[in-house]
1. Apply the Karplus curve 6.51 cos²θ - 1.76 cosθ + 1.60, θ = phi - 60°, to the phi angles in the range 173-185 and return the couplings in whole Hz, x for Gly and Pro.
2. Rounded to the nearest 500, what is the 222 nm mean residue ellipticity of the chain from helices alone, with -39500 (n - 2.57) per DSSP H run of 4+ residues and division by all residues?
3. I'd like to compare 232-241, 93-102, 50-59: which one has the highest average count of other Cβ atoms within 10 Å, and what's the full order after that?
4. Using modelled backbone amide H atoms (1.01 Å from N, in-plane), which distant-in-sequence or interchain residues come within less than 5 Å of V215's amide H?
5. Give me the lysines in straight-line cross-link reach of K71: C-alpha distance below 21 Å, same-chain residues under 8 apart excluded.
6. The range 31-183: percent of C-alpha pairs farther apart than 26 Å?
7. What are the lysines whose alpha-carbon lies under 21 Å from the alpha-carbon of K40, with same-chain residues fewer than 8 places away excluded?
8. Which percent, nearest 5, of DSSP beta bridges in the chain are antiparallel?
Amino acid sequence: MIRVVDLHKSFRGQQVLKGVNLDFATGKITTIVGTSGCGKTVLLKHLNALLLPDRGEVLVDGVDITKLGQKELYEIRGRFGVLFQGAALLDSMTIFDNVAFPLREKTDTTEPQIRKKVEERLEQVGLEGMGYKYPAELSGGMKKRAGLARALVMDPEIVLFDEPTTGLDPVLGTGIHELIARTQQTFGFTGVVVSHTIPQVFEISDYVAILANGVIEEVGPPKEFQASQNPVVQQFIRGETEGPIQAL
Ligand SMILES: Nc1ncnc2c1ncn2[C@@H]1O[C@H](COP(=O)(O)OP(=O)(O)OP(=O)(O)O)[C@@H](O)[C@H]1O
Ligand SMILES: [Mg+2]
């Protein structure tokens with residue numbers, strides 16, 4: 001279980017997170033929505049301590065990871081898989097080497113074991129036999145899937161997905177959602193998804209939370225979330241320019 005308590009974060013006087021409180025249930029998918037620039041990526045980066053808060057706690061199984069030293073942080077981060085916004089593949093490496101990278105960096109897995117595991121993950125994301133290609137030779141959707149294979153190669157307990165379907169066509173987007181749902185069922189990880197692809201992303205979500213004005217304004221199962229009378233939720237879902245959501 002991940003618990004975020006009273007998280008505050010500012011950048012050069014710009015208050016982005018103003019007291020975020022949110023629980024992420026173990027083995028479930030929680031999706032964070034919110035307008036562009038509202039701080040979703042900033043919040044996500046606090047969950048594995050890529051960013052440290054000005055105030056507040058991030059508890060992973062009861063341990064406040066904002067207080068850990070480098071060695072303990074390294075261990076905690078090993079429990080996370082991350083699919084960054086834009087996939088963030090290393091351009092100079094093949095897809096195979098990109099997916100193998102965390103295993104080579106962080107484990108003493110032998111090369112034959114690495115080969116087996118990477119090929120298995122590539123197959124799971126529908127990139128079987130594509131390992132020899134370089135990122136520049138892949139389409140946007142293929143890059144996302146390669147990023148997903150890399151995020152899952154360490155059998156992570158927790159996976160962070162930052163906009164896994166943004167910029168993809170609706171068919172591919174649905175395919176990525178199904179892939180996330182399927183791999184979640186296979187591996188049982190705790191998933192945190194940041195997404196603009198609503199309401200489609202609700203189908204794979206156990207919980208939906210909206211970040212607005214620096215706080216979590218509403219959280220609940222998708223149906224209840226969509227039916228919420230909270231004006232922040234309704235403004236966001238309808239895409240209205242007038243309402244309680246303030247631009248940063
Ligand atoms: N490292 C940083 N230094 C300074 N400002 C930052 C940094 N990271 C984020 N910000 C600012 O924090 C705000 C929130 O950014 P964030 O990337 O979290 O938005 P987002 O909700 O993920 O948006 P999008 O949906 O467009 O990805 C922005 O105004 C951004 O400029
Ligand atoms: Mg973002």
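Every number here is computed from the coordinates shown, using simple stated rules; none is lab data. These figures come from a predicted structure and were not determined experimentally. Positions of Cβ are backbone-derived with ideal geometry, glycine not excepted, and every protein chain shown enters the neighbour counts.
1. Whole-Hz 3J(HN,Hα) from phi for the range 173-185: x, 4, x, 5, 4, 4, 5, 4, 4, 5, 5, 5, 5.
2. After summing the helix terms and dividing by residue count, I get -10500 deg cm²/dmol.
3. Taking the mean over residues of other Cβ atoms within 10 Å, the ranking is 93-102, 50-59, 232-241.
4. K18
5. K45, K106
6. Cα-Cα pairs of the range 31-183 separated by over 26 Å account for 29 percent.
7. By straight Cα distance, K40 reaches K9, K18, K28, K144.
8. Given both bridge residues lie in the chain, the antiparallel proportion sits at roughly 55 percent.
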